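Data first, discussion second: the structure below is written as structure tokens.
The values are calculated or read from the model by the stated rules, or taken from the named source; none is laboratory data. Small disclaimer: the values here were computed from a predicted structure and weren't measured. Ideal geometry is used to build each Cβ from the backbone, glycine not excepted, and the neighbour counts take in all protein chains shown. Calculation scope for accessible area: heavy atoms of the full protein, side chains included, ligands and nucleic acids excluded. Shrake-Rupley method; radii C 1.70, N 1.55, O 1.52, S 1.80 Å.
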Amino acid sequence: MVTLALPRLLLARDSARRAGSMVERNVAALRSAYWIVMVGGFLEPLLYLFSIGVGVGALIGDIRIPDGRVVGYAEFVAPAMLAASAMSGALSETTFNFFGKMKFMRLYDAVLATPVRPMEVAAGELIWAMARGTVYAAAFLVVMTLMDLTSWPRALAAFPATVFVGFAFGALGMALSTFMRGWQEFDLIAAVQFALFLFSGTFVPAQDYWPPLRMLVEITPLYRAVDLIRGICLTSFGAVQVVDLIYLCALFAGGLALAGRRMARLLLK
Amino acid sequence: MSDPRPNVVRVSDESLVHARGLVKRFGDFAAVDGIDVDVRRGEAFGFLGPNGAGKSSTMRMVGCVSPPSAGVLRILGMDPARSGSRIRARLGVCPQVDNLDPELTVRENLTAYARFFGISRRVARQRAAELLDFVQLSDRASSRVEPLSGGMKRRLTIARSLVNEPEMVLLDEPTTGLDPQARHLVWERLFRLKQQGVTLVLTTHYMDEAEQLCDRLVVMDGGRIVAQGTPRELIERYSTREVVELRFPVPDQGAYGEKLAGVGERLEVLPDRILLYVADGDEAVAEVHRRSLGPSSALVRRSSLEDVFLHLTGRTLVD
């Protein structure tokens, strides 16, 4: 048993090490100007929170959430902004940047001539994409807690969940990128992303939608992510949130597997 | 100063590349159409051929980044389909088009690449310094890749292919597009590698490159091997010892073709000159003068691999 398990364990360790070397390359490529990108990614959800959550929220007043409680509008919107920023952070790194590295910099052609395998490249790139998203999530949760939009224990629980949301969207973005033929098609992703941002129960409870539309919204990934984060930050973690987690797990695993396979098909031909 | 390395490297019988009936198809098109190749440890082996002959496709299969469509392929005694990662760990690859990392410096291109092979950071830094010295790029170590000249990029790509101390280095057209100085520098470095016992597999369509570097080579055309041997053997088998290049002061050289019949073993009429393939060039020129044909110039030269190449693959432009 041990003799069978040990080589497998060593193989897994090698794979992790090679995925790590992909991350290292990205750290080396990091330049001083990168903090500008970082600040931009952090500011975006914060601006939405203040303009809509606090600003528009002052006009709306309090709203009733599904569990019957009445909360301030900013409290309602904040978890959704957190989920949406995890999505957009992960997508920007895994669509535009990933595509550019693959098609134009031809970076992965060189990497795949080494012992590193396509799946390890995909995993490494995803870990890297999420390193950024993790910083955003932590910073945003601190702001939320300081503004009394959630409690410290809830924020602590929401942190890993937000990181996980990022991984799921990152895997999805990477898989989608392997199907893109040119930059133009990324406009389509951006349009879908914006639609998700507006209609995933972010600004209005999805329960208020026309039933068929509500069903459609409920099967989209950002809805599941918002539902999960809002459950942790604001309401409660129940059976529905377990469904959210399973949904995002499937998205992550499926996306990563598809991305690795597609990369092998595109680059190892 | 004495060089401790022996000048003659033993070529062993061990096959580092073993291919039988190797085929690469893209859709209906067979880029490589059933080739048999053996590359032995320690030798420098060349793939010669015009563009589209299947050289790069072959190199990608040997580099384990392109699965064969049919046939047998063993690299370092292993099957690429099952042990690709393990094989690649022991290969160095210098692709036809430089794919250096534009977001990294010259030195980082080597250190980051070393990490893909699982080489420790300390050793990676040490190797990078040695290799930059080897390809004479030490003074550009902190520069980005983009402002480098074509020759410098090529040398850096070659340095990168050596970062894992490979047993076999695959070089796809290592000097295409380089100026003569850069080309000679690359040749000299490759020759030193060969002296150190590194097996070299290269593609080229420069005959002087093949003659200088290759112990053995195959000529490919249309995905098949049309000839193989040492450069000398190929010249002896497919050409004559000498070639006479005649030019006549008329627009149409073809008219002289018939008049030259019987001089030498073979004759080729080109738009601007006539080539006579002969054993003795001076004797042939004397015969031309005896027939009082009066060429405006007559050049006698040794037969080269280029004559073999053009004889085997034809003069038509393939692209």
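Data overview
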read-out: Residue among A:F96, A:F42, A:F76 that is more than 14 Å from chain B (Cβ to nearest Cβ), in contact with a strand residue (DSSP E or B) (Cβ under 7 Å, 6 or more places away or on another chain) and in a helix (DSSP H, G or I); value: A:F76
read-out: All positions within region B:239-255 that are surrounded by fewer than 21 Cβ atoms within 10 Å (Cβ to Cβ), outside any loop (DSSP other than H, G, I, E, B) and in contact with a Phe, Trp or Tyr (Cβ under 9 Å, 6 or more places away or on another chain); value: B:E242, B:A255
read-out: Test: B:I158 is surrounded by 18 or more Cβ atoms within 10 Å (Cβ to Cβ) and in the same structural domain as B:F26 (by TED's automatic domain parsing); value: yes
read-out: Within region A:104-157, tally of residues that are in a helix (DSSP H, G or I), farther than 27 Å from B:G63 by Cβ and not hydrophobic (A, V, I, L, M, F, W, C); value: 7
read-out: A:G238 being farther than 26 Å from A:A175 by Cβ and small (G, A, S); value: yes
read-out: B:R140 in contact with a strand residue (DSSP E or B) (Cβ under 7 Å, 6 or more places away or on another chain), closer than 15 Å to B:D98 by Cβ, without any contact (Cβ under 8 Å) to a residue 60 or more places away in the chain and not hydroxyl-bearing (S, T, Y); value: no
read-out: Restricting region B:91-127 to residues that are buried (at least 19 other Cβ atoms within 10 Å of the Cβ) and basic (K, R), the residue that is nearest to B:V169 (Cα to Cα); value: B:R127
read-out: Residue identified as aliphatic (A, V, I, L, M) and over 30 Å from B:G34 (Cβ atoms) among B:A182, B:A227; value: B:A182
read-out: Qualifying residue in region A:144-157 (condition: touching a Phe, Trp or Tyr at 6+ places or on another chain (Cβ under 8 Å), surrounded by fewer than 21 Cβ atoms within 10 Å (Cβ to Cβ) and modelled with pLDDT under 90); value: no
read-out: Residue list for region A:52-97, filter: open to solvent by 20 Å² or more (accessible area, probe 1.4 Å) and under 30 Å from A:G260 (Cα atoms); value: A:S88, A:S92, A:F96, A:N97
read-out: Qualifying residue in region B:81-90 (condition: under 17 Å from B:A159 (Cα atoms), β-branched (V, I, T), open to solvent by less than 20 Å² (accessible area, probe 1.4 Å) and more than 8 Å from chain A (Cβ to nearest Cβ)); value: no
read-out: Qualifying positions in region A:1-51 - modelled with pLDDT of 85 or more and among the acidic types (D, E); value: A:D14, A:E24
read-out: Matching residues, region A:190-223, being modelled with pLDDT of 90 or more, open to solvent by less than 50 Å² (accessible area, probe 1.4 Å) and assigned to a helix (DSSP H, G or I); value: A:Q193, A:A195, A:L196, A:F197, A:V217, A:E218, A:P221, A:L222, A:Y223
read-out: Matching residues, region B:271-282, being surrounded by 15 or more Cβ atoms within 10 Å (Cβ to Cβ) and over 10 Å from B:S239 (Cα atoms); value: B:R273, B:I274, B:L275, B:L276, B:D280, B:G281
read-out: Every residue from region B:91-127 that is within 11 Å of chain A (Cβ to nearest Cβ), out of contact with any Pro (no Cβ under 9 Å at 6 or more places or on another chain) and among the small types (G, A, S); value: B:A112, B:A114, B:A124
read-out: Verdict on B:L200 being touching a residue at least 12 places away in the same chain (Cβ under 8 Å) and either within 12 Å of another protein chain (Cβ to nearest Cβ) or in a helix (DSSP H, G or I) (or both); value: no
read-out: Number of the exception - B:I225 against (1) in a strand (DSSP E or B); (2) under 30 Å from B:K24 (Cα atoms); (3) not assigned by TED's automatic domain parsing to the domain that holds B:D33; value: (3)
read-out: Checking B:E268 against (1) surrounded by 14 or more Cβ atoms within 10 Å (Cβ to Cβ); (2) assigned to a loop (DSSP other than H, G, I, E, B), the condition it does not meet; value: (2)
read-out: Search result, residues across region B:128-152 that are within 13 Å of chain A (Cβ to nearest Cβ) and surrounded by 20 or more Cβ atoms within 10 Å (Cβ to Cβ); value: B:A128, B:V145
read-out: Hey, A:L176 open to solvent by 50 Å² or more (accessible area, probe 1.4 Å), touching a residue at least 12 places away in the same chain (Cβ under 8 Å) and within 20 Å of A:L258 (Cβ to Cβ) or not; value: yes
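Results for (1) outside any loop (DSSP other than H, G, I, E, B); (2) surrounded by fewer than 22 Cβ atoms within 10 Å (Cβ to Cβ); (3) at pLDDT below 95; (4) within 13 Å of another protein chain (Cβ to nearest Cβ), shown as yes or no for each residue.
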position	(1), (2), (3), (4)
B:D13	no, yes, yes, no
B:G21	yes, yes, no, no
B:N51	no, yes, yes, no
B:R60	yes, no, no, yes
B:P67	no, yes, no, yes
